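In what follows, a single structure is set out as structure tokens and then discussed.
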Amino acid sequence: MDEKIIDKIKPGAKVRVWERIKEGDKERQSAFEGIVIARKHGREAGATFTVRAVLREVGVEKVFPIYSPVIAKIDIISSPKKVHRSKLYYLRGFSSKKTRERLKT
């Protein structure tokens, strides 16, 4: 994966992660779009980032290893103007509208 994209994956950024999914002998790509709420372990081999989305009024979180071969690509949709925390776990209790207000996106 490109180093520029890895640097842009920060808490508060809105991203679209394309995953490779194998179904039988076929392979397809599926997108998961949401807000990065955590980034752990820097650039080491076990580094991960957590993406949160609200799907059908239910909060869904996925943890992605940065260097996983399952990830086809990552699109950075928007990045926050200013975030003062490295972990945004407090967003779990907010609605989508309130989240946008807090992140000023």
Under a cut-off of 12 Å between alpha-carbon atoms, report the aspartates and glutamates in cross-link reach of residue 62, not counting same-chain residues fewer than 8 places apart.
19, 33
Can you tell me the length gained on complete extension of the stretch residue 43 to residue 68, counting 0.36 nm per residue apart and subtracting the Cα distance?
7.7 nm
Measuring from centroid to centroid over Cα atoms, what is the spacing of segment 70-96 and segment 1-21 in Å?
10 Å
List the GluC sites (Glu not before Pro) within segment 25-75 that DSSP assigns to loop and that have no more than 14 neighbouring Cβ atoms inside 10 Å.
44, 57
Computed, not fitted: 222 nm per-residue ellipticity of the chain from DSSP H runs ≥ 4 (each -39500 (n - 2.57)), nearest 500, equal to -3500 deg cm²/dmol
Extension gain (nm, one decimal) between residue 31 and residue 101, 0.36 nm per residue minus Cα-Cα:
22.7 nm
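Just so you know, all these numbers are worked out from the coordinates, no wet-lab data involved. All values reported here derive from a predicted model rather than from experimental measurement. Note: ideal-geometry Cβ built from the backbone for every residue, glycine included; neighbour counts use all protein chains shown.
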